[in-house]
Amino acid sequence: MKKEILGQTDKGQTDDTTVENQGLLDLELKPEKEADIPVSKGGNATGSQTVILDVNEFAIDIIDGNGNTVKHYDSYADLKNEGGLLLPAGNYSIRATLGEDVNAGFDKPFYSGTNVCEITPQEVAKVITDCVLSNKKVTFHCSDDFLKKFNDDYSIVIDNKVGALTTQNGEKRTTYLKNTGILQFTVYATMKNGGKSLVYNYDMSKNEEIQQYNNILIDLDLEEGDSSPDEPDDNEPDEPDDPVVPDDSASVKNPVIKVDISLVEKEYVIEIPSDFIDAGGEDDGGDDNEGGDTVAKPTIVGDAGLDISQPIEISGAGNKTVRVKINTPGKLASLVVKITSSTLEALLPAVGLTSEFDICDEGLKETLSKLGLSATKGATSTTFDISSFMPMIAGLGGGDYLFTITATDQLGQKASKTLTVRNLND
């Protein structure tokens, strides 16, 4: 394959049809399975299956700058058997996927990774693509107190507005849902003491941390004081001969559920402070969407373990994945990027850009897609990936290259972060 890319025949001659405008893509996949669910505070789990990833099973799509799929492999193994892929010079997106991104399904994990690269004539482009869980995995644990209070026929319905799943006591399958920006669940339970049917609803959509992570553990417990059997009425009847007839519908107190959420990552667990939800399923009288700031503000965080608060150091050829996640529950209106670097700014006009541009600008769509940049107005989740810039920056000389990202939602709420790329090359 290396001889082919150099345009050499077996006789040492040059084949001009090969050498003129082709380069070799050398793709490496790095799949990362989500961490196992830790020992929970709850005593009963629904969904806790271990997943084993085989890199050879990932499907591969090679997409050109116009968004056309120029090559598809059913498996990474097929690509490896070729020893690499010859492509005409240009900019490409490489997408690796495992599984199907269904709206909702049991035991349906979806893993994906996307990277961009530039193919240059007679050169080998080494591309390393991280593949991670890309849909929402939700595991429920119910505490012993929860199980003592409610009958075994409780059910939990979780949905993302495009699909829903129902889990019940003893469910061993794991729930997976498409990442739509909406995630909520409803608990239907019947109390053992009195037989009262209760409904609890909890909306996780407005929590910024839950939007950013995909491996979610939900512990359902009861508020202290509600886990023990209800105490009988201490009031004595006025006349001993007149017995008190209990009225279950009035005397049984509705328990309050405590929701503990843990976001399980490879090396750490993020615990979200407990919330309490009352029974009934009706509006509890709190704020609705009118008259209050009920939509979370945009957030910008590093992806795949990237710490955006620290300079990203590159050296050598600069082959490094650098991307951030922008979450806009209020729907994206604009995503403005300002580049600060006299060296890099001087090169931007050649590709049709200025030092400050809006990725949502339809007029720049074609230009930005060639650089692997895209964003859609109205989106609730967007990836800003500048991995394709790293080899270019590595060749421009040492120093800091600043990318200031400002996300504005349709409510006018903003978030801004500056990503610093530090070139260590002389």
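What does the net charge come to around E208 if you take all other residues with beta carbon closer than 13 Å to its beta carbon, with K and R at +1 and D and E at -1? Display every interim value, and only then the final one.
On the way: positive: K206, K297, K325; negative: E209, D409.
Surrounding charge for E208 is +1.
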task = Determine the alpha carbon to alpha carbon distance for each of K266/K370; K161/K320; K178/K206; K108/K325 and list only those over 26 Å.
result = K266/K370; K161/K320
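Sorting check: for 326-336, 76-86, which peptide has the highest mean count of neighbouring beta carbons within 10 Å, and how do the rest follow?
Details: 326-336: 21.8, 76-86: 15.6.
Going by the mean number of other Cβ atoms within 10 Å, highest first, we get 326-336, 76-86.
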query = Measuring from centroid to centroid over Cα atoms, what is the spacing of region 64-88 and region 146-207 in Å?
reply = 42
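Could you compute the net charge surrounding A379? Neighbours are other residues with a C-beta less than 11 Å from the C-beta of A379; K and R count +1, D and E count -1.
Details: positive: K331, K377; negative: D409.
Local charge sum for A379: +1.
What order, most packed first, do the peptides 384-391, 410-417 have when packing is the mean number of other Cβ atoms within 10 Å of each residue? Walk me through the intermediate numbers first.
On the way: 384-391: 21.0, 410-417: 14.8.
Going from most to least packed, we get 384-391, 410-417.
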task = In vacuum, with every alpha carbon of region 93-217 counted as one equal point scatterer, what does the Debye formula give for log10 I(q)/I(0) at q = 0.12, 0.18 Å⁻¹? Two decimals, please.
result = -0.56, -0.98
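Among E208, E118, E267, rank each residue by its count of other Cβ atoms within 10 Å, from fewest to most, as a rough exposure measure.
Numbers: E208 14, E118 19, E267 6.
So the ranking, lowest neighbour count to highest, is E267, E208, E118.
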request  = Let me have the relative contact order for region 311-390, percent, based on Cα pairs under 8 Å that are six or more residues apart.
outcome  = 44
key: Net +/- balance of residues flanking L53 in space, Cβ distance below 11 Å, scoring K and R +1, D and E -1   = -2
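Percentage of Cα-Cα pair distances in region 295-426 greater than 24 Å, rounded to whole percent?
Details: 2239 of 8646 pairs.
For region 295-426, the fraction of Cα-Cα distances above 24 Å is 26 percent.
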Cα shape, region 92-141, gyration tensor, a/c 1.5 rule = prolate
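Which length gain, in nm to one decimal place, applies between D54 and K192 when the Cα-Cα distance is subtracted from 0.36 nm times their residue separation? Walk me through the intermediate numbers first.
Values: separation 138, 0.36 × 138 = 49.68 nm, distance 4.59 nm.
Value of the extension gain: 45.1 nm.
Taken together, the values in this text are just the output of simple stated rules run on the coordinates, not laboratory data. What you see is a predicted model; the values in this text were computed from it and never measured. Cβ atoms come from the backbone with ideal geometry, glycine included; neighbour counts cover every protein chain shown.
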